[in-house]
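The values are calculated or read from the model by the stated rules, or taken from the named source; none is laboratory data. Keep in mind that what you see is a predicted model, and the values were worked out from it rather than measured. A quick note on method: Cβ atoms are made from the backbone with ideal geometry, for glycine too, and the neighbour counts reach across all protein chains shown. We work out accessible area using only protein heavy atoms, side chains counted, and drop any ligands, DNA or RNA first. Shrake-Rupley method; radii C 1.70, N 1.55, O 1.52, S 1.80 Å.
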Amino acid sequence: NSFSRLAPELAALAGNQTANLLHFVSRLSDQLGTYNQVLDHRTVEMQDRLFRQEQFAEQTLQRQSEVIRSVETEVQSLQGLLDGVKMDLEEQMALTQALETSQSSQDHMGETATQSYQRRHAQRETEK
């Protein structure tokens, strides 16, 4: 008898709890939907950011490769200039050495000519 009196109250309480549970599940579902939307949005943002970073890295790598090629070309050009300067210097050193040898030869011939003149002059003086 007391059970039959409590039955409507228990049914009302169970119905109330069920309504509360359904409301809680509905709110939880809405929150999960919102969370998934935010997560999807953030995922798209991160993918976009990653794509831009990859593009930037590729462009940077391409620019660095161009700079390296330019520097290599400049180094080859400078090496060519250096080789030309080295050849000019070697040629100048050879000419300087030849000039020194020629000057030494002329000095020796000049000394010989002076000595010869002095001998002849001395001979003439003695002959007089």
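List of remarks:
- Subtracting the Cα-Cα distance of Leu78 and Thr96 from their residue separation scaled by 0.36 nm leaves 3.9 nm.
- Inter-label distance for Leu21 and Glu125, nm, one decimal - labels placed 7 Å from Cα along Cα-to-Cβ: 14.8
- The portion of the accessible surface of the chain made up by carbon and sulfur, rounded to a whole percent, is 58 (1.4 Å probe; DNA, RNA and ligands excluded).
- In a reduced charge model with +1 at each Lys and Arg Cβ and -1 at each Asp and Glu Cβ, the chain shows a dipole moment near 580 debye about its Cα centre.
- Dipole magnitude for region 1-49: about 200 debye, using +1 per Lys or Arg Cβ and -1 per Asp or Glu Cβ, origin at the Cα centre.
- Region 26-81, dipole about Cα centre (Lys/Arg Cβ +1, Asp/Glu Cβ -1), debye to the nearest 20: 180
- Selected from Asn16, Thr60, Gln79, residue furthest toward positive end of dipole (region 1-114; charges at beta carbon): Asn16
- Rounded to 0.05, the FRET efficiency of the Thr60 and Asp40 pair, given R0 = 41 Å and the Cβ-Cβ distance, is 0.85.
- Angle in degrees between helix 2-127 and the longest Cα principal axis of the chain, rounded to the nearest 10: 0
- Average accessible surface for the chain: 94 Å² per residue, computed with a 1.4 Å probe over protein heavy atoms with every protein chain in place.
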